[in-house]
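K.L.:
Attaching a single structure in structure tokens format; questions to follow.
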Amino acid sequence: MRHLLNILDLTTEEINELITTALDIEENPEKYSESCKGKILATLFFEPSTRTRLSFETAMLSLGGSVAGVSSASSSSASKGESVSDTVEVVSGYVNIIAMRHPKEGAPYVAKRHSLVPIVNAGDGGHYHPTQTLADLMTIYKKKGTFENLTIGLCGDLKYGRTVHSLIEAMSRYKGVKFCLISPEELSLPDFVKKEYIKDKGIVYEEVSSLEEAISSLDVLYMTRIQKERFLDEAEYERLKDSYVLNEDKMKSAKSDMIVLHPLPRVNEISVKVDEDDRACYFLQTRCGKLMRMALILKLLKEKNEPERADTRKMFVDPDKICKNPHCIVTSEQEIERSVYKDKNCITHCAYCDSVI
Ligand code: NCD
């Protein structure tokens, strides 16, 4: 069965098809208004969300389907200690597709093994957020008309920013893309993304700590929130929280056709004054999010019986390899299979959260 756990579960052609469908939905919404009649989407959100959950739910409603869901861990049996696997075993018997957000990295991989229906990862801890990437890609396509030869600046919390990880993995497949990684050293991009999707692919990139210095070279500036909820040390968050603020003054040094994206919510990373600038595209991005989620729901329900895209990682089970990432699903799910894989350099990674073991 097809699922969307990681943006790499979709081929480049499939991403193009989703954008084409989303553009058609935007033009002709009535054509799709009964496409999912009789189908139910479950939104299992064990972490806060406004845009992602509501855009999934309104996407299904606009397709003529229905929705059911939980909007916090505290309102579900997760608060009683129920596992992801048991929750999904049950819920997947009630609905046709599940969108799941979970604070633990790799939780959707557990869900997929226990599900009778397609699973969509709506954000797993600080790991991945592939449907936000679909929104980002549609926005880039609308404003730039291409994904090639773009210099993309990613600014803020590149360590815990799951949207950044998925966007880099998606953009790393296009010709001529360059990355400018703008963060304090403490919040720099993790190796599971930097090594495999930038360095090993020979993509041109630089790592800087100053937004002012980088901004003039960028075609796309992707701002992010410092992910307070992922910090184990609150003092560290307090120290880093105001690292970057994009304001009108900094925008003066940017190209006239640079676009500013942000997955939102913003705290103070972008001054509200920037909203009036034509280059600010983060609200457009939220609208693209709903359209791309509509296109995705249609695709996954249609292709429900097609085989999953083969995972290029060669997984195996090694009970002696214990993942030490405190944010990994293996720390909370009982009797979980210790799946691992080796990368090109023969380094062993946890198959759930990708950390080096
Ligand atoms: C992001 C997320 O949840 O990862 N928001 C979103 O889904 N639109 C970004 C964030 O919370 O900072």
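K.L.:
So how many residues does the stretch 214-233 have that are exposed (fewer than 14 other Cβ atoms within 10 Å of the Cβ) and either at pLDDT 95 or above or closer than 18 Å to His165 by Cβ (or both)? Please lay out each step first, then the result.
P.N.:
Here is the first cut: in the stretch 214-233, the residues exposed (fewer than 14 other Cβ atoms within 10 Å of the Cβ) are 216, 229, 232-233.
After this cut, where a residue has to be either at pLDDT 95 or above or closer than 18 Å to His165 by Cβ (or both) as well, the list is 216, 229.
Summing the residues that are exposed (fewer than 14 other Cβ atoms within 10 Å of the Cβ) and either at pLDDT 95 or above or closer than 18 Å to His165 by Cβ (or both) in the stretch 214-233 gives 2.
K.L.:
Quick check on this structure: which one of Ser79, Ser55 is part of a helix (DSSP H, G or I) and within 24 Å of Ile140 (Cβ to Cβ)? Outline the logic, then answer.
P.N.:
Working: Ser79 fails: within 24 Å of Ile140 (Cβ to Cβ).
Testing whether each residue is part of a helix (DSSP H, G or I) and within 24 Å of Ile140 (Cβ to Cβ) leaves just Ser55.
K.L.:
Report every pair of residues separated by at least 6 positions or lying on different chains whose Cβ atoms are under 6 Å apart, first residue within the stretch 127-140 and farther than 9 Å from Thr163 by Cα and in a helix (DSSP H, G or I), second modelled with pLDDT of 95 or more and within 10 Å of the ligand (Cβ to nearest atom).
P.N.:
Listed pairs, sorted by first residue: Ala135/Gln285; Ala135/Gly289; Thr139/Gln285.
K.L.:
In the stretch 279-317, which residues are at pLDDT 90 or above and among the acidic types (Asp, Glu)? Reasoning before the result, please.
P.N.:
The initial filter retains those residues of the stretch 279-317 that are at pLDDT 90 or above, namely 279-303, 316-317.
The answer is Glu303, and nothing else.
K.L.:
Scan the stretch 255-265 for residues that are within 28 Å of Thr50 (Cβ to Cβ), away from the ligand (no atom under 15 Å from the Cβ) and part of a loop (DSSP other than H, G, I, E, B) and jot them down.
P.N.:
Correct list: Met258 only.
K.L.:
Another one. Would you point out which residue out of Asp257, Asp233 is more than 25 Å from Leu137 (Cα to Cα) and not hydrophobic (A, V, I, L, M, F, W, C)? Give the steps one after another, and end with the answer.
P.N.:
Details: Asp257 fails: more than 25 Å from Leu137 (Cα to Cα).
Among Asp257, Asp233, only Asp233 is more than 25 Å from Leu137 (Cα to Cα) and not hydrophobic (A, V, I, L, M, F, W, C).
K.L.:
Please work out which residue is surrounded by the fewest Cβ atoms within 10 Å (Cβ to Cβ), limiting yourself to the stretch 266-279 and to residues that are within 16 Å of the ligand (Cβ to nearest atom) and closer than 27 Å to Leu23 by Cβ. Walk me through how you get there before you give the answer.
P.N.:
First, the residues of the stretch 266-279 that are within 16 Å of the ligand (Cβ to nearest atom): 266-270.
Okay, now just the ones that are also closer than 27 Å to Leu23 by Cβ, so 266, 270.
Working: Arg266: 17, Ile270: 23.
Only one residue tops the list, namely Arg266.
K.L.:
Please work out if Leu189 is within 22 Å of the chain's Cα centre (by Cα), within 16 Å of the ligand (Cβ to nearest atom) and within 30 Å of Ile347 (Cα to Cα). It would help to see each step written out before you state the result.
P.N.:
Working: within 22 Å of the chain's Cα centre (by Cα): yes; within 16 Å of the ligand (Cβ to nearest atom): yes; within 30 Å of Ile347 (Cα to Cα): yes.
Judged against the criteria, Leu189 is a match.
K.L.:
Name the residues in the stretch 27-44 that are surrounded by fewer than 19 Cβ atoms within 10 Å (Cβ to Cβ) and either within 16 Å of the ligand (Cβ to nearest atom) or aliphatic (A, V, I, L, M) (or both), would you?
P.N.:
Ile40 - this is the single residue of the stretch 27-44 that is surrounded by fewer than 19 Cβ atoms within 10 Å (Cβ to Cβ) and either within 16 Å of the ligand (Cβ to nearest atom) or aliphatic (A, V, I, L, M) (or both).
K.L.:
Next up: Out of (1) within 16 Å of the ligand (Cβ to nearest atom); (2) free of Cβ contacts under 8 Å to residues at least 60 places away in the same chain; (3) out of contact with any helix residue (DSSP H, G or I) (no Cβ under 6 Å at 6 or more places or on another chain), the odd one out for Thr52 is which?
P.N.:
Of the numbered conditions (1) within 16 Å of the ligand (Cβ to nearest atom); (2) free of Cβ contacts under 8 Å to residues at least 60 places away in the same chain; (3) out of contact with any helix residue (DSSP H, G or I) (no Cβ under 6 Å at 6 or more places or on another chain), the odd one out for Thr52 is (2).
K.L.:
Sticking with this structure for a sec: So which residues in the stretch 280-297 are in a helix (DSSP H, G or I), within 16 Å of the ligand (Cβ to nearest atom) and either at positive phi or touching a Ser or Thr at 6+ places or on another chain (Cβ under 8 Å) (or both), if there are any at all? Explain how you work it out, then say what you get.
P.N.:
So the first thing to find is which residues in the stretch 280-297 are in a helix (DSSP H, G or I), and the list is 282-297.
Subset that is within 16 Å of the ligand (Cβ to nearest atom): 282-293, 296.
Listed by number, the residues that qualify are Leu284, Gln285, Thr286, Cys288, Gly289, Lys290, Met292, Arg293, Leu296.
K.L.:
For Glu47, only one of the following conditions fails: (1) within 17 Å of Ala295 (Cβ to Cβ); (2) within 15 Å of the ligand (Cβ to nearest atom); (3) touching a Pro at 6+ places or on another chain (Cβ under 6 Å). What is its number?
P.N.:
Exception for Glu47: condition (1).
K.L.:
Does Ala99 meet the test of being more than 30 Å from Glu238 (Cβ to Cβ), within 11 Å of the ligand (Cβ to nearest atom) and not assigned by TED's automatic domain parsing to the domain that holds Leu211? I'd like the intermediate steps shown before the answer.
P.N.:
Details: more than 30 Å from Glu238 (Cβ to Cβ): yes; within 11 Å of the ligand (Cβ to nearest atom): no; not assigned by TED's automatic domain parsing to the domain that holds Leu211: yes.
No; evaluated as a whole, the condition is false for this residue.
K.L.:
Right, here's the next one. Quick check on my filter: what residues within the stretch 273-301 are farther than 15 Å from Ile25 by Cβ and without any contact (Cβ under 8 Å) to a residue 12 or more places away in the chain?
P.N.:
Asp275, Glu276, Asp278, Phe283
K.L.:
Here's another thing I want to ask about it. Go through (1) within 16 Å of the ligand (Cβ to nearest atom); (2) farther than 23 Å from His3 by Cα one by one and return the number of the condition Ser76 breaks.
P.N.:
Every listed condition holds for Ser76 apart from (1).
The values are calculated or read from the model by the stated rules, or taken from the named source; none is laboratory data. Note that the structure is predicted; figures quoted are calculated from it, not measured. Neighbour counts are summed over all protein chains in view; Cβ atoms, including those assigned to glycine, are modelled from backbone coordinates with ideal geometry.
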